[in-house]
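**Student:** Starting off with a structure, shown below.
The values are calculated or read from the model by the stated rules, or taken from the named source; none is laboratory data. Predicted model only: the values in this text are computed from it and were never measured. Don't worry about glycine lacking a Cβ; one is built from the backbone with ideal geometry, like all the others, and counts go over all protein chains shown. Quick note on the areas: whole protein, heavy atoms, side chains included, nothing else; ligands and nucleic acids left out. Shrake-Rupley method; radii C 1.70, N 1.55, O 1.52, S 1.80 Å.
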Amino acid sequence: MPIETALNIEFADRLKELPPYLFVEIDKAKRQARAQGRDIIDLGVGDPDTPTFPHIIETMKTAIADPANHRYAFDAGLPALRTEIAVWFKGRFGVDLNPDTEIYPLIGSKEGLAHLPLGIINPKDKVILTDPAYPAYRPTITFAGGKITNLPLKESHGFLPDLKKLAEIKDAKFMYINYPNNPTSATANLEFYKELVALAKEKGIILISDMAYSEIYFDGEKPPSILEVDGAKDIAIEFHSFSKTYNMTGWRIGWACGNPKLVAALAKVKSNFDSGIFQAIQVAGITALRTKPEELNDLRSMYEERRDCLINGLRSLGWKIPPPKAAFYVWGRLPKGFNSSMETAAAFLEKANIVVTPGVGFGPAGEGFVRMTITMPTERLTEAVNRLSKIL
Ligand code: MLT
């Protein structure tokens, strides 16, 4: 008898409550379709298709050969990395951060976003989740025993949370915000952050800002950090990522910064779960942060060209979607004739061999939308439009 049958292994209740992770499921569907020999255009997961910048790889080659980098990288990692992050942050946002108390490197920002709630919420604490939202936020609240209150992001409100509605929510412990936003690609300006910080302070809500897409912006409009608001550090922590900025999704490196107490809570949780970021990757991270601005401009121009290619192509089919100002997601209402986001995604895959993400996968308010990424060359996006012209 197999051992799992003998022991009658059952998943924990907290795991049973979780739906399958959206992007793993999409990846499975894509692999199955490819295994059937189909030529799939993947507009599903936001994973840059161009390689990590060569200067970062060169640093990594040397760092990986250095035995000093082969041992545990406990705790807050290399002081030189934290110092470099502080320099970068000051240059980009004009905000001073103490590298010893206000910055903590992470094995990817997703890891930190998922671990922090374990350090700050108690069972039954109320957590505000904007809806739709990046799917990684929801499970961690469930794991920590928190209770979710959804705050819908409406198109009529620029996909920003309605602060009047937020003011009506009582006794919330913390709230995730994410601009440039995944999945809507909406951006927040400093005025919005000022009002949000003022309200959160009044109500005693901790703000967890996910800024993974800070450097993917268009038309020269740089998204601000919430930490630019005076006094934001009293209640806010922000998560940053190397993944999308330097094409380093697979490397797993990011950081948290802001309120020292929140940083300390995260550090304590993490010290019990992991043993730091592979030090060679931290060394490569220092090089990444020194990337020449022109290289990032080129990256943004590439995405801008792709954005225009897809948006204009879809418009020529009568599917009008506002062009995103940042991030690399095109968030569109369902095309005419389609009734649900799941039905649309299934039809695109079946009839056009195109993977898109159903909006409902990001939360109930995502129903009625699909998300398409522009992490594909323009030729493939044009091909996607051609295929869609046959089914729309
Ligand atoms: C997405 O497609 O939403 C992202 O690539 C997922 C992630 O950043 O983990």
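**Student:** Taking the Cα centre of the chain as origin, sum charge times position over the Cβ atoms of Lys and Arg (+1) and Asp and Glu (-1), and report the length of that vector in debye to the nearest 20.
**Tutor:** Numbers: 47 positive and 47 negative charges, 133 e Å.
Value, rounded to 20: 640 debye.
**Student:** Considering only C-alpha atoms, what is the centroid distance from the range 1-76 to the range 135-198, in Å?
**Tutor:** 27
**Student:** Something else: Cross-link candidates for residue 320: which lysines have Cα within less than 28 Å, leaving aside residues fewer than 8 places away along the same chain?
**Tutor:** 30, 154, 222, 244, 336, 351, 390
**Student:** May I pose another question? Tell me the net charge near residue 359. Cut-off is 10 Å between Cβ atoms, residue 359 excluded, with +1 for each Lys or Arg and -1 for each Asp or Glu. Please report the intermediate quantities before stating the final value.
**Tutor:** Details: positive: 333, 371; negative: 367.
Computed value for this residue: +1.
**Student:** From the residues 340, 105, 199, which one has its Cα farthest along the dipole of the chain in the positive direction, the dipole being from +1 and -1 charges on Cβ of Lys/Arg and Asp/Glu about the Cα centre?
**Tutor:** Towards the positive end, the residue furthest out is 340.
**Student:** Still on this model: Per DSSP helix of 4 or more residues, -39500 (n - 2.57); summed, then divided by the residues of the chain. What does that give at 222 nm, rounded to the nearest 500?
**Tutor:** Details: 14 runs with 162 residues, N = 392.
Theoretical 222 nm ellipticity from helices: -12500 deg cm²/dmol.
**Student:** Residue 380 accessible area, nearest 10 Å², 1.4 Å probe?
**Tutor:** Number for this one is 70 Å².
**Student:** Could you give me the ³J(HN,Hα) list for the range 192-197, computed from phi with Karplus coefficients 6.51, -1.76, 1.60 and θ = phi - 60°, whole Hz, x at Gly and Pro?
**Tutor:** So the Karplus estimates, Gly and Pro as x, are 4, 4, 4, 5, 5, 4 Hz.
**Student:** Ordering 304, 10 by accessible area with a probe of 1.4 Å, largest first, what comes out? Walk me through the intermediate numbers first.
**Tutor:** Working: 304 50, 10 125 Å².
I get 10, 304, largest accessible area first.
**Student:** How big is the Kirkwood radius of the range 221-284, worked out from every pair of different alpha carbons and given in Å to one decimal? List each step's numbers first, then the result.
**Tutor:** Numbers: mean 1/r = 0.0740 Å⁻¹.
Kirkwood hydrodynamic radius for the range 221-284: 13.5 Å.
**Student:** Collect residues whose amide H, placed 1.01 Å from N in the peptide plane, falls under 5 Å from the amide H of residue 177; neighbours closer than 5 in sequence don't count.
**Tutor:** Correct list: 208, 209, 210.
**Student:** Here's a follow-up. With every atom except the alpha carbons ignored, what do you get for Rg and Dmax of the chain, in angstroms?
**Tutor:** 21.2, 64
**Student:** Would you kindly work out the equivalent ellipsoid of the range 269-392 from its C-alpha gyration tensor and give its semi-axes, the square roots of five times the eigenvalues, largest first in whole Å?
**Tutor:** 33, 21, 12
**Student:** Let me ask you something else. Under a 5 Å amide H to amide H cut-off, with H placed in plane at 1.01 Å, what residues pair with residue 106 once short-range neighbours are removed?
**Tutor:** 254, 255, 256
**Student:** Answer with one residue from 12, 239, 288: the one whose Cα lies farthest towards the positive end of the charge dipole of the chain, charges on Cβ with Lys, Arg +1 and Asp, Glu -1.
**Tutor:** Checked the options; the winner is 12.
**Student:** For the chain, modelled as a Gaussian network with Cα springs under 10 Å, which listed residue fluctuates most, 341, 156, 214?
**Tutor:** In this elastic network of the chain, the residue with the biggest mean-square fluctuation among 341, 156, 214 is 156.
**Student:** May I pose another question? Each residue of the range 113-127 in order: what ³J(HN,Hα) in whole Hz does its phi give by Karplus 6.51 cos²θ - 1.76 cosθ + 1.60, θ = phi - 60°, with x for Gly and Pro?
**Tutor:** Per-residue couplings from phi come out as 4, 7, 7, 4, x, 5, x, 10, 10, 9, x, 6, 4, 8, 10 Hz.
**Student:** Using r as the Cβ-Cβ distance of residue 190 and residue 234, and R0 as 25 Å, what FRET efficiency do you calculate, to the nearest 0.05?
**Tutor:** Details: r = 17 Å, r/R0 = 0.68.
Approximately 0.90, to the nearest 0.05.
**Student:** State, to one decimal in nm, how far the label point of residue 219 lies from the label point of residue 15, with both points 7 Å from Cα in the Cβ direction.
**Tutor:** With each label placed 7 Å out from Cα toward Cβ, I get 4.7 nm.
**Student:** Rounded, prolate or oblate: which one fits the range 329-392, using the alpha carbon gyration tensor with axes a ≥ b ≥ c (rounded when a/c is under 1.5, else prolate when a/b beats b/c, else oblate)?
**Tutor:** Working: a/c = 2.13, a/b = 1.39, b/c = 1.53.
Since a/c reaches 1.5 but b/c is at least a/b, the shape of the range 329-392 is classed as oblate.
**Student:** A follow-up question, please. Considering amide H positions built from the backbone, and no H for Pro or chain starts, which residues 5 or more places from residue 149, or on another chain, come under 5 Å of its amide H?
**Tutor:** 127, 128, 129
**Student:** Using the heavy atoms of the protein chains alone and a 1.4 angstrom probe, what is the accessible area of the chain per residue in square angstrom?
**Tutor:** Numbers: 17630 Å² over 392 residues.
On a per-residue basis, the chain sits at 45 Å².
**Student:** Please identify, among 108, 37, 158, the residue showing maximal mean-square fluctuation in a Gaussian network model of the chain using a 10 angstrom Cα cutoff.
**Tutor:** Per the Cα network of the chain with a 10 Å cutoff, 37 tops the list.
**Student:** Heavy atoms only, probe 1.4 Å: what % of the accessible area of the chain goes to carbon and sulfur, would you let me know?
**Tutor:** Working: 9510 of 17630 Å².
Percent of accessible area from carbon and sulfur atoms in the chain: 54.
**Student:** Mind ranking 184, 62 by accessible surface for me, highest first, 1.4 Å probe? Show your work: numbers first, answer last.
**Tutor:** Values: 184 15, 62 100 Å².
Correct descending sequence by accessible area is 62, 184.
**Student:** Select from 15, 81, 289 the residue whose mean-square fluctuation is largest in a Gaussian network model of the chain (Cα-Cα springs shorter than 10 Å).
**Tutor:** In this elastic network of the chain, the residue with the biggest mean-square fluctuation among 15, 81, 289 is 15.
**Student:** As a test of reading the structure, rank 130, 187 by solvent-accessible area (1.4 Å probe, protein chains only), most first. Write down the numbers at each step before the final one.
**Tutor:** Working: 130 5, 187 45 Å².
If we order 130, 187 from most to least accessible, we get 187, 130.
**Student:** Rounded to the nearest 5, what % of the DSSP beta bridges within the chain are antiparallel ones? List each step's numbers first, then the result.
**Tutor:** Working: 18 of 38 bridges.
Percentage antiparallel, nearest 5: 45.
**Student:** To continue, here is another question. Residue by residue through the range 290-295, what is 3J(HN,Hα) from phi via Karplus (6.51 cos²θ - 1.76 cosθ + 1.60, θ = phi - 60°)? Round to whole Hz and write x for glycine and proline.
**Tutor:** So the Karplus estimates, Gly and Pro as x, are 8, 3, 5, x, 4, 5 Hz.
**Student:** What does the charge count around residue 197 come to, taking other residues whose C-beta lies under 15 Å from its C-beta (Lys +1, Arg +1, Asp -1, Glu -1)? The partial results should precede the final answer.
**Tutor:** Values: positive: 194, 201, 203, 233; negative: 191, 195, 202, 228, 230, 234, 238.
Result for the neighbourhood of residue 197: -3.
**Student:** Can you tell me the length gained on complete extension of the stretch residue 308 to residue 71, counting 0.36 nm per residue apart and subtracting the Cα distance? Each step should come with its number before you reach the end.
**Tutor:** Working: separation 237, 0.36 × 237 = 85.32 nm, distance 4.63 nm.
Extra length from residue 308 to residue 71 when fully extended: 80.7 nm.
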